[in-house]
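None of the figures in this text is laboratory data; all of them are computed from the coordinates on show. Values in this document were obtained by computation on a predicted structure and should not be read as measured data. Virtual Cβ from ideal backbone geometry, glycine too; neighbours counted across all protein chains shown.
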Amino acid sequence: MKSSKMPEYIKMTEEELDKEIKELKQELLKAKFGHAMNGLDNPKKITEIKRNIARANTAKYSKVAEKAKASK
């Protein structure tokens, strides 16, 4: 299944991606805590958040690699 978020992440700047990653990590922490305390209605949400963090990191580091390649 292709993510609809990846094109959004590619368009973001590195600073925006850093902010998005931080927000996703906070959301993951809350979801894990909520799941431990009460259980979630949809436990797959934790997996979805983890994948979005990975997608955002991929977009961020591809931008870093492009900058490094362009500076050579």
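Observations, loosely collected:
- Qualifying residues in the range 1-17 (those that are part of a helix (DSSP H, G or I) and hydrophobic (A, V, I, L, M, F, W, C)) - the one farthest from Ile49 (Cα to Cα): Ile10
- Filtered residues of the range 30-53 (kept if aliphatic (A, V, I, L, M) and assigned to a helix (DSSP H, G or I)): Ala31, Ala36, Met37, Ile46, Ile49, Ile53
- Looking across Glu27, Glu66, Glu20, one residue alone is of a type in the set (Asp, Glu), farther than 22 Å from Ser4 by Cβ and assigned to a helix (DSSP H, G or I). It is Glu66.
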